[in-house]
Every structure is written in C-alpha cells, then in structure tokens.
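Engineer: Got a structure for you, written out below as structure tokens; questions coming shortly.
The values are calculated or read from the model by the stated rules, or taken from the named source; none is laboratory data. It should be emphasised that the depicted structure is a prediction, and the values quoted were computed from it without experimental measurement. Cβ coordinates were reconstructed from backbone atoms using ideal geometry, including for glycine residues, and neighbour counts include every protein chain displayed. Each accessible area value is taken on the protein alone, full model and side chains, heavy atoms only, with ligands, DNA and RNA left out. Shrake-Rupley method; radii C 1.70, N 1.55, O 1.52, S 1.80 Å.
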Amino acid sequence: MKPDLSVSFARLHFRTPLIAASGTFGYGTEYLDVSDYEAIGGIAVKGLYLEPREGCPPPRIWETPSGMLNAIGLQEVGIRRFIDEKMPRLRELGPTVLVNICGSTVEEYQELAHILDSVEGVHAIELNISCPNVEEGGILFGCDPRMAAKVTEAVRAQTKLPIIPKLSPNVTDITVVARSVEAAGADAISLINTMPAMAIDVESRRPRLANIVGGLSGPAIRPIAVRMVYQTAKAVNIPVIGIGGITSHEDALEFILAGASAVQIGTMSFVDPSVWRRTLDGLEAYCERHDVEAISALTGGVLS
Amino acid sequence: MRRDVRAKLLERRSLSPDASLLEFESDFLANELRPGQFTMLRLPGDEGLLLRRPYSFCDTDVAASRFSLLVKEVGRGTRALARLVPGDEVDCLGPLGSTFTMPPEGKRPVVVAGGVGIAPFVGFCRALSSASKVAVVLLGGRTSYDLYLREVFEALGMDVRCTTEDGSVGTRGRVTALLDDALDAETQLYSCGPTPMLLKVAELAKAKGIPHEVSLERRMGCGMGCCLGCVVYTSEYVRSCTEGPVFDASVIAWDRDPHPL
C-alpha cells in the first residue's frame, strides 16, 4: 500500500505536506507550465495589504553563501485586485489556498480578514507579522509577543477561517511569541520567515541592497529554522508549519521530525521548479523504506 | 510553454581573455527561443551557487538543435560557467521574457551594443537577415577584444560600424558618438549594454522621436515573475524577467534606475 502523504490539521486538508511559501510563488499560477501542481499541497500567496504597494527600490536581491538576501518590500496588487483578478484561477488549481496578509495597523489586518472571510476558495489566513523589509507592521508585530497576540485576536474576531501567524526568527525566545499567538486563538503557526541580514560590496563600500538590510532565506538558515520548529512544536499544542531552506525530502523530513505537520518551500522553488515532485517522491520512498503508513505519523518523531 | 531542459555543452570558443561563446545542444530551446529572450541557467551539482543566472541567448541553429550564450567572466556565476568543458551539462529554464519586435515596413533598424550587450542581437540580426533587412550595427568596446562576434554580423550582411575607447579598431571613442550619423526619422533603434550607454541612446531617441527598444539586464532570482527581485521603474516597478527584458525605452523612468549591476 502506498503511504498517505496527505496531511490534515487546523481544519485544513493538504493533499501533500508541501506548501509554496508566500512571496516565492506569486499568486499561484506563475509556475503552471513548469511545476507539477499535483505535488503541491498548498499555496501561500504573496503577502497582501488593503492597497497596492510599490515595494523597495532595487537592487532588491543578492546571493550569499547558500542563501538569498532580499528586500522586496512587499510589492503587491492589493486585496481587491487579488480577489477580482487572481482568485478566480487560484481557487481552481487544486492546492489549499493560504492568503498571506499584512498591515501597518491592527485595524488593517482586521479589515483584510473581514474581507477574506467571505471569499470563495480561501482556505486559511496566514498572518504576516514577520516581514523584515517594511517600515511599519510586519516584523514589529512579530517581535513583540503582546502585539502578535493583539493582531491574532483582532483577526480572530473577524473570521472563521483558520489563522496561521507566520513568525520571525528575530526574537530571543520563539516559544514566547508562539504561546502568545496560540493563546490569542491561532489555529496553527508557520515559521520561520527570513532572517534579518546584510551584505556589503567592499569595492563600492555600498550595501548590496538599496534597502541596506534584507531578509536571508535558503539553506543557510535551515538549521536555525529546524531548531526553532523543534522548540515551538514542544511549546504549543497547535500544529506547526516548518519553513527555511528546504531543498529536498531529507530537508523536509528534518522539519517534520522536529515537529512540523507540513512544510513550506520557497527559495528552492526559484532554483528548481521540479522541487515539488522530487521532494514528494522522496518522501514517499522514505515512508516505504521505513514502513511508515502516513507521513503525519512522523511529525515530532525525532529521537532524543 | 516553458521547460527546464538539460543541455549539453558542445563547444566552447574563446572570444577574448575573459569572454567565451558557449554552444549548447537542446532541440527544444533552439526551436523556441525568440530574439531578445533569455534562459535561467543552473550548473547541476555546483553546491557553491544557489540561484540560477539569467543569460540572453546569443544565437540559435534549429537544424543543429543548438543555441549559444555569450559569457563574460565578471563574478562567481560566470566564472563557474566559463570552467565548463564540452560534454558538461547545465539546466536551462526557458524560453523566458519578452522579444525584440521586427521593424515595421519602411523602418530602418539600427542596433547599438556595448560589450556583452551584443549577445541578444546575433539572433535578432539573423532574423532580420532572413527577412532581407539590413541593420546598421554599432558595436562599442574598450578595446578590440570587446568587439565580440563582429564577423558574424558582417556575415549576416549587416552594416557594422565599430568604436573602441583605445582606438585599436574603428573610430576612437564611445559607440554613442556614431549614433547621430546613423539616425533619421525612419530609424527603429535597438540597444543593449552598459546603463550609461543605454541612457544616452534613450535620451537621443527621445529627443528625435525615434522608437527604441532596449534589453535590460538585471539581477534575477527566479526569472518566472515571482521573486520581484529584477524590477525596473516605469510608472511602477515592473519585472525585467516577465514584462522585459526587452522594453520600449520610452516607458523606463531612467532617473529612478540605479543600474544595480
């Protein structure tokens, strides 16, 4: 019998445990001709505000050892255009739809959640309280456990949809923020967002990014992310979605064994659009080899 | 339809101390690439590099299932590529991006290229040649070494005019010095190269009301329109991988372009 690679948690069903990370998969349709969508369990769309945003000036990206530094600054189309222009195709694709939202104030998050609550095809809200590249909101909410809880609670009051706060690694103790959003009504938690970071061109003596600092993603941050998922999963009773430099089924399994119920893939999807099929096939082979009937049975299975 | 294909390096030809022409085998890309388009290239097994790198293709040979890239060594990615030997394989995602448009009937094409900026024009001039059109091709470089492939343009029947900053070949100076003579009301301009050159060409074209297409090279993360890393400013930030790399130069807000390369 084939192992069951689907996962269900937080009132959500994912046909595979692999979710496209917000900000790396556009509004869902960009990779239709080159990626195997059957292998994708969910899509977290590019972070949305109430209004369209211009984003940061370029240069916006720079490659560092095993990593990608970015300061995009949440260039996006605004919630209305998303619903009118992007949602009709997105809801037909198959993967579970997570809409990532961001605001400069608690009220903006609330209004976004209120709007999304009645939109057909939206399965969950991922709360972006961890973007390092915007001046207001974003990471400021995610680094303060009280603010993180306040945003979560405010959004909770506006929607029945599952709420998944996405946490920043830029905190002293990730479990404090995790417990705080759990108590405020979060249905699950996703982590980690990018790590605030910087690179300098020594010849010109200028920062590599116009925004000076950016967020680091890719394999460079993976061990940090695995550690934080491990700590968070032990500290809360809600499911955890692991994110951070996943390139293969081994990487995904690290997160799952550390306590993740599903994982997100971001930077590697830029590098290899076949990462979805390759990783899923690898997970299946692993389960067969280890006599595991369902991938969900591996969550938190690290031995100590 | 885009695909990620594995392409074998068939031949590498050194063009200068730091530039080579790489010929790859791919039936798909040889057939599908259109002048101006690019591929995102990845070296399999190279752990040192994470992201793919964008390369405008130089030329295609459909009958031989070949396409070529012009590579000048400037950083880690280009150095790794320059180390490849025939038989090595790379992953190429493409075809990506916008294309040059053929000049309308009655318009005279003028191509302005600096350094490796000539790359996308080989295929373009081949298409012009097939349509029995002759472009004035203005090539500029610092020295004769930088005037890559000018014999190819000549073989295609193009009207090639060169400048070098050291005067070793052609007119001494910058390629933009040749522009005035080459432009008239019936010209359609095409350019690719260093930003100061493109800016000068764009200013001249604008002043004379000449249509001008420009290929912009920007650092890219994905090439697929998702990372939003490669933007240029028009009236908003647009993606050079998706809306570009070939743009109508008049829409670019050059004063907001920090030419990040």
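Engineer: In whole percent, what relative contact order does chain B give with Cα contacts below 8 Å and a gap of six or more residues?
Structural biologist: Values: 585 pairs, mean separation 46.2, N = 261.
About 18 percent, as a whole number.
Engineer: Moving on to the next point. Please name the residues of segment A:21-51 whose accessible area, counted over protein heavy atoms with a 1.4 angstrom probe, falls by no less than 50 Å² between the chain alone and the full protein assembly.
Structural biologist: A:E30, A:D33, A:V34
Engineer: Which of A:A258, A:A157, A:A184 ends up with the largest GNM mean-square fluctuation for chain A, with Cα atoms connected below 10 Å?
Structural biologist: Comparing A:A258, A:A157, A:A184 in the GNM, the peak value goes to A:A157.
Engineer: Which whole-number percent of Cα pairs in segment A:1-158 have a distance greater than 28 Å? Can you show the working numbers first?
Structural biologist: On the way: 2779 of 12403 pairs.
So the portion of pairs separated by more than 28 Å is 22 percent.
Engineer: So what J values fall out for segment B:147-159 if you push phi through Karplus, 6.51 cos²θ - 1.76 cosθ + 1.60 with θ = phi - 60°, rounded to Hz, Gly and Pro as x?
Structural biologist: 8, 5, 6, 5, 5, 5, 4, 5, 4, 7, x, 7, 8
Engineer: Sticking with this structure for a sec: To the nearest 10 degrees, how steeply does helix B:119-130 sit against the main Cα axis of chain B, on a 0 to 90 scale?
Structural biologist: 70 degrees
Engineer: Along segment B:169-184, what does the Karplus equation 6.51 cos²θ - 1.76 cosθ + 1.60 (θ = phi - 60°) give for ³J(HN,Hα), rounded to whole Hz, x for Gly and Pro?
Structural biologist: 9, x, 6, 6, x, 8, 4, 5, 5, 7, 5, 3, 5, 8, 9, 8
Engineer: Could you quote the convex hull projected area for chain A, Cα atoms only and averaged over all directions, in nm²?
Structural biologist: Working: hull surface 60.2 nm².
Mean projected area for chain A: 15.0 nm², to one decimal.
Engineer: Taking every DSSP beta bridge with both residues inside the protein assembly as shown, roughly what % is antiparallel (nearest 5)? Mind showing how you got there, number by number?
Structural biologist: Details: 54 of 104 bridges.
Of the beta bridges lying entirely in the protein assembly as shown, close to 50 percent run antiparallel.
Engineer: Okay, next question. Between segment A:97-135 and segment A:248-263, how far is it from one alpha carbon centroid to the other, in angstrom?
Structural biologist: 26 Å
Engineer: Given the C-alpha centroids of segment B:167-201 and segment B:51-80, what is the distance between them in whole angstrom?
Structural biologist: 24 Å
Engineer: With springs only between Cα atoms under 10 Å, which of B:V214, B:V152, B:V74 fluctuates most in a Gaussian network model of chain B?
Structural biologist: The residue with the greatest mean-square fluctuation here is B:V74.
Engineer: How long is the gain from A:N237 to A:S304 if the chain were fully straight, where each residue apart is worth 0.36 nm and the alpha carbon distance is subtracted? Working shown, then result.
Structural biologist: On the way: separation 67, 0.36 × 67 = 24.12 nm, distance 1.97 nm.
Length difference between fully extended and current span is 22.2 nm.
Engineer: Starting from the Cα of A:D291, step 7 Å along the direction of its Cβ; do the same at A:I200; then give the gap between the two resulting points in nm.
Structural biologist: 5.8 nm
Engineer: Consider a paramagnetic label point 7 Å from the Cα of B:A131 along Cα→Cβ; state which residues of segment B:70-110 have an amide N under 12 Å from it.
Structural biologist: From segment B:70-110, the list is B:100-110.
Engineer: So, one more: Tally the DSSP beta bridges in segment A:101-253 and give the antiparallel ones as a percent, rounded to 5. All intermediate terms of the calculation are to be shown ahead of the outcome.
Structural biologist: Values: 5 of 15 bridges.
Close to 35 percent.
Engineer: If you restrict to DSSP beta bridges whose two residues both lie in chain A, what percentage is antiparallel, to the nearest 5? Before the final figure, lay out each step's value.
Structural biologist: On the way: 16 of 43 bridges.
Of the beta bridges lying entirely in chain A, close to 35 percent run antiparallel.
Engineer: If every alpha-carbon in the protein assembly as shown counts as one equal scatterer, what log10 I(q)/I(0) does Debye give at q = 0.10, 0.12 1/Å?
Structural biologist: Log-scaled intensity ratios, in q order: -0.84, -1.11.
Engineer: While we're looking at this one, here's another question. Quote the FRET efficiency, to the nearest 0.05, computed for B:N31 versus A:D4 with a Förster distance R0 of 45 Å and r equal to the Cβ-Cβ distance. Can you show the working numbers first?
Structural biologist: Numbers: r = 42 Å, r/R0 = 0.92.
Plugging the Cβ-Cβ distance into 1/(1 + (r/R0)^6) gives 0.60.
Engineer: For labels at B:D255 and B:R76 in the simple 7 Å Cα→Cβ model, what's the distance in nm?
Structural biologist: Roughly 3.7 nm, to one decimal.
Engineer: Let me ask you something else. At a probe size of 1.4 Å, how large is the accessible area of A:E51, to the nearest 10 Å²?
Structural biologist: Counting only protein heavy atoms, the figure is 120 Å².
Engineer: For Cα pairs less than 8 Å apart in space and 6+ apart in sequence, what is the mean separation divided by the residue count of chain A, i.e. the relative contact order in percent? Write down the numbers at each step before the final one.
Structural biologist: Working: 743 pairs, mean separation 61.6, N = 304.
So the answer I get is 20 percent.
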